[in-house]
Amino acid sequence: MLKELDVRNWVAKRRSGFSDVSDSVSEIINNVRENGDSALFEYAKKFDNVELSELRVTEDEIEDSYENVDMRLVESLIEAEARITEFHEYQKKDDLWLRNVAFGLTLGVKTTPLFRVGCYIPGGRASYPSTALMTVIPARVAGVSEICACTPPPVNPLTLVGFDIAGVSEIYKTGGAQAVAAMALGTESVKPVDKIVGPGNVFVTAAKMMLREYAEIDFPAGPSEIGIIADSSANPAFIAADILAQAEHDPNAACVLVTTKKSLAEKVSEEVKKQFEKAPRKEIIQKALLNSGFIICDTLEDAISVTDEIAPEHLSIQVYDSLYVLNKVKNAGSIFVGPYAPVACGDYASGTNHVLPTAGYSKVYSGLNVSHFTKTSTVQIIDRDGLEEIGDIVETLAEAEGLFAHAESVRIRRR
Ligand SMILES: NC(=O)c1ccc[n+]([C@@H]2O[C@H](COP(=O)([O-])OP(=O)(O)OC[C@H]3O[C@@H](n4cnc5c(N)ncnc54)[C@H](O)[C@@H]3O)[C@@H](O)[C@H]2O)c1
Ligand SMILES: N[C@H](CO)Cc1c[nH]c[nH+]1
Ligand SMILES: [Zn+2]
């Protein structure tokens with residue numbers, strides 16, 4: 001059920017998933033640019049099979065959504081919200097941080113929330129009330145004034161409840177590349193945003209990457225992935241369950257087991273086959289497993305290097321000395337340590353964020369957090385003494401660069 005993989009091809013193949021759809025995504029973007037809302041209505045019919053007359057979700061629809069969901073589900077969302085909020089509150093920085101570094105010279109950092117952000121919440125092959133929490137909560141904690149959200153129709157009432165609990169400002173019934181285009185470029189109904197965050201399939205992710213000129217993005221957060229680093233101490237049934245869990249998201253999802261034990265890879269493969277028989281969403285999983293497999297390494301050190309090359313969205317560590325691997329490994333969006341840490345816990349309720357870089361992008365990006373919704377300005381408070389402290393250096397270097405007006409702007413104050 002799982003094949004042996006070549007690590008060098010893996011990341012390249014993950015990345016090409018976005019460029020493969022770039023022609024169709026460009027066409028969608030151009031249509032939204034030219035036709036605004038009417039393009040959004042057209043794609044809702046074409047891709048989601050929904051005839052819409054309004055794009056914006058009304059207050060009444062949000063209120064009614066509570067009538068259409070089980071109270072137990074609302075309670076679970078409320079509990080998840082509290083855990084996610086608490087973890088994200090820890091990430092908050094002081095609005096103004098100042099440090100006196102010399103007599104008359106104080107330096108600092110001023111942190112300001114972004115004004116208007118757009119959150120994409122997927123809704124194609126599954127609905128994602130949990131992603132409503134994961135995108136909106138850090139924006140709210142950061143102090144963003146306007147939090148706009150888009151998700152494909154028909155919108156699951158539980159997703160609306162999730163938005164409401166998280167504290168969104170406005171919600172639109174539009175999905176895919178067209179939703180990203182609407183948030184980046186604006187339409188009659190959707191006011192453009194400064195930054196777009198959130199995960200989605202290859203169409204959504206390609207659109208985010210192509211529209212950066214208009215709205216900044218968090219990072220490419222495409223089809224789900226899990227990397228597992230395991231040795232003979234690992235339980236093959238647990239690993240197989242984690243593989244199927246991420247595989248069921250999308251035919252383009254991918255799962256990689258990196259291990260020092262060939263026998264473990266064989267056992268996991270058998271377990272995947274066994275658990276697959278009982279799994280729903282077989283069609284999706286089967287395709288995702290074609291992108292998945294195992295890599296056998298001679299040593300644990302090699303396994304760590306290979307894992308860093310893959311830079312998976314989620315990394316599950318299932319070895320004797322898991323803290324050793326935790327210390328050594330460098331590239332992963334979110335790390336799950338030990339046999340009793342299924343990725344599903346981070347997907348919903350541990351409190352960490354499940355919006356994470358995929359396709360090897362955890363080499364350079366962090367998962368979604370409060371800092372994605374703020375920016376900083378450096379500050380210097382300099383008085384006459386402070387100017388004396390650094391004045392000579394500034395004048396000397398400015399003249400060396402031939403920038404005499406720079407030097408004079410200091411000299412004039414020192415006379
Ligand atoms: N990396 C992360 O942080 C993270 C988190 C959660 C989910 N995910 C991923 O989000 C994705 C959700 O995907 P989904 O498809 O269920 O929902 P989605 O909302 O991302 O995509 C659905 C939309 O895709 C568009 N679409 C579908 N087929 C198309 C086509 N042929 N041409 C153009 N547009 C088309 C439609 O507009 C549709 O509404 C999965 O890949 C999942 O793994 C990633
Ligand atoms: N595993 C997904 C990120 O790749 C997040 C998610 C949401 N719901 C379930 N799982
Ligand atoms: Zn998941």
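The values are calculated or read from the model by the stated rules, or taken from the named source; none is laboratory data. Because the structure is predicted, anything quoted here is derived from the model rather than measured. Note that each Cβ is placed from the backbone with ideal geometry, even for glycine, and that neighbours are counted across all protein chains shown. Heads up: the accessible areas ignore ligands, DNA and RNA and are worked out on the full protein's heavy atoms, side chains in. Shrake-Rupley method; radii C 1.70, N 1.55, O 1.52, S 1.80 Å.
Please work out which residue is farthest from ligand 2 (Cβ to nearest atom), limiting yourself to the range 216-241 and to residues that are surrounded by fewer than 22 Cβ atoms within 10 Å (Cβ to Cβ) and more than 19 Å from Met134 (Cα to Cα).
Per the criteria, the residue is Ser232.
Test of understanding: among Val141, Val117, which residue is among the β-branched types (Val, Ile, Thr), touching a helix residue (DSSP H, G or I) at 6+ places or on another chain (Cβ under 8 Å) and over 18 Å from Lys208 (Cα atoms)? Steps first, please.
Numbers: Val117 fails: over 18 Å from Lys208 (Cα atoms).
One residue alone meets the criteria, Val141.
For the range 350-361, state whether one or more residues are open to solvent by less than 50 Å² (accessible area, probe 1.4 Å), of a type in the set (Phe, Trp, Tyr), under 30 Å from Thr131 (Cβ atoms) and part of a strand (DSSP E or B).
No, every residue in the range 350-361 fails to be open to solvent by less than 50 Å² (accessible area, probe 1.4 Å), of a type in the set (Phe, Trp, Tyr), under 30 Å from Thr131 (Cβ atoms) and part of a strand (DSSP E or B).
Which residue out of Gly143, Gly118 is farther than 26 Å from Ile285 by Cβ, small (Gly, Ala, Ser) and surrounded by fewer than 23 Cβ atoms within 10 Å (Cβ to Cβ)?
Details: Gly118 fails: surrounded by fewer than 23 Cβ atoms within 10 Å (Cβ to Cβ).
Among Gly143, Gly118, only Gly143 is farther than 26 Å from Ile285 by Cβ, small (Gly, Ala, Ser) and surrounded by fewer than 23 Cβ atoms within 10 Å (Cβ to Cβ).
Identify, by number, the condition in (1) surrounded by fewer than 20 Cβ atoms within 10 Å (Cβ to Cβ); (2) touching a helix residue (DSSP H, G or I) at 6+ places or on another chain (Cβ under 9 Å) that Asp385 doesn't meet.
The number of the failed condition is (2).
Mind counting the residues in the range 392-404 that are open to solvent by 80 Å² or more (accessible area, probe 1.4 Å) and of a type in the set (A, V, I, L, M)?
3
Going by the structure shown, is Ala215 closer than 23 Å to Ala139 by Cβ and away from ligand 3 (no atom under 16 Å from the Cβ)?
yes
Filter the range 336-365 down to the residues that are within 16 Å of ligand 3 (Cβ to nearest atom), under 14 Å from the mean Cα position of the chain (by Cα) and of a type in the set (Val, Ile, Thr) and list them by number.
Matches in the range 336-365: Thr352, Val355, Thr358.
Which one is nearest to ligand 1 (Cβ to nearest atom), of the residues in the range 261-291 that are closer than 16 Å to Asn235 by Cβ and of a type in the set (S, T, N, Q)? Step through it out loud before you land on a result.
Looking only at the range 261-291, we keep the residues that are closer than 16 Å to Asn235 by Cβ, and these are 261, 263-272, 274-275.
Okay, now just the ones that are also of a type in the set (S, T, N, Q), so 263, 269, 275.
Values: Ser263: 30, Ser269: 22, Gln275: 19 Å.
This residue is Gln275.
Is it true that some residue in the range 19-35 is of a type in the set (Ser, Thr, Tyr), under 24 Å from the mean Cα position of the chain (by Cα) and under 30 Å from Ala265 (Cα atoms)?
The first filter runs over the range 19-35 and keeps only residues of a type in the set (Ser, Thr, Tyr), leaving 19, 22, 24, 26.
Now restrict to residues that are under 24 Å from the mean Cα position of the chain (by Cα): 19, 22, 24, 26.
Adding the requirement that they be under 30 Å from Ala265 (Cα atoms) leaves none.
No: the range 19-35 contains no residue that is of a type in the set (Ser, Thr, Tyr), under 24 Å from the mean Cα position of the chain (by Cα) and under 30 Å from Ala265 (Cα atoms).
What number of residues in the range 111-131 are closer than 30 Å to Leu98 by Cβ and either outside any strand (DSSP E or B) or of a type in the set (D, E, K, R) (or both)? Don't jump to the end; show me each part of the working.
In the first step, residues of the range 111-131 are kept if they are closer than 30 Å to Leu98 by Cβ; the result is 111-117.
If we keep only those that are either outside any strand (DSSP E or B) or of a type in the set (D, E, K, R) (or both) too, we end up with 114-116.
Total satisfying the criteria: 3.
Quick check on my filter: what residues within the range 340-387 are under 24 Å from Ile196 (Cα atoms), more than 16 Å from ligand 2 (Cβ to nearest atom), polar (S, T, N, Q) and touching a strand residue (DSSP E or B) at 6+ places or on another chain (Cβ under 8 Å)?
Once the filter is applied, which keeps residues that are under 24 Å from Ile196 (Cα atoms), more than 16 Å from ligand 2 (Cβ to nearest atom), polar (S, T, N, Q) and touching a strand residue (DSSP E or B) at 6+ places or on another chain (Cβ under 8 Å), the range 340-387 yields Thr374, Thr376, Ser377.
Suppose we filter the range 170-223 for residues that are within 13 Å of ligand 1 (Cβ to nearest atom), part of a strand (DSSP E or B) and more than 17 Å from the chain's Cα centre (by Cα); how many remain?
2
Are there any pairs with C-beta distances below 8 angstrom linking a residue in the range 224-252 that is more than 14 Å from Pro342 (Cα to Cα) and within 14 Å of ligand 1 (Cβ to nearest atom) to a residue that is at pLDDT below 95 and not basic (Lys, Arg), with the two at least 6 apart or on different chains, and if so which?
As it stands, the answer is Asn252/Gly17, since those pairs meet every condition given.
When the residues of the range 121-140 are narrowed to those that are touching a Leu at 6+ places or on another chain (Cβ under 9 Å) and open to solvent by less than 20 Å² (accessible area, probe 1.4 Å), which ends up nearest to ligand 2 (Cβ to nearest atom)?
Quick first cut of the range 121-140, residues touching a Leu at 6+ places or on another chain (Cβ under 9 Å) only: 127, 129-130, 132-135, 138-139.
Right, trim to open to solvent by less than 20 Å² (accessible area, probe 1.4 Å) and you get 129-130, 132-135, 138-139.
Details: Pro129: 9, Ser130: 5, Ala132: 10, Leu133: 10, Met134: 8, Thr135: 11, Pro138: 15, Ala139: 17 Å.
Here the residue is Ser130.
Between residues in the range 188-206 that are within 15 Å of Ile217 (Cα to Cα) and residues that are open to solvent by 20 Å² or more (accessible area, probe 1.4 Å) and part of a strand (DSSP E or B), which pairs lie under 6 Å by C-beta distance while being six or more apart or on different chains?
Listed by first residue and then by second, the contacts come to Lys195/Glu216.
What is the residue count in the range 46-84 for residues that are open to solvent by 90 Å² or more (accessible area, probe 1.4 Å) and either in a helix (DSSP H, G or I) or of a type in the set (Val, Ile, Thr) (or both)?
So the first thing to find is which residues in the range 46-84 are open to solvent by 90 Å² or more (accessible area, probe 1.4 Å), and the list is 46-47, 49, 51, 53-54, 56, 59-60, 63, 67-68, 71-72, 75, 79, 83.
Keeping just the survivors that are either in a helix (DSSP H, G or I) or of a type in the set (Val, Ile, Thr) (or both) gives 46-47, 59-60, 63, 67, 71-72, 75, 79, 83.
Number of matching residues: 11.
Mind listing just one residue for me: the one in the range 362-382 that is open to solvent by 30 Å² or more (accessible area, probe 1.4 Å) and part of a helix (DSSP H, G or I) and, of those, nearest to Val306 (Cα to Cα)?
Among residues in the range 362-382 that are open to solvent by 30 Å² or more (accessible area, probe 1.4 Å) and part of a helix (DSSP H, G or I), the one nearest to Val306 (Cα to Cα) is Lys363.
Which one of these does Leu158 not meet: (1) within 14 Å of ligand 1 (Cβ to nearest atom); (2) surrounded by fewer than 24 Cβ atoms within 10 Å (Cβ to Cβ)?
Single failed check for Leu158: (1).
When residues of the range 252-300 are filtered for being touching a Leu at 6+ places or on another chain (Cβ under 8 Å), of a type in the set (Val, Ile, Thr) and open to solvent by less than 20 Å² (accessible area, probe 1.4 Å), how many remain?
The qualifying residues number 5.
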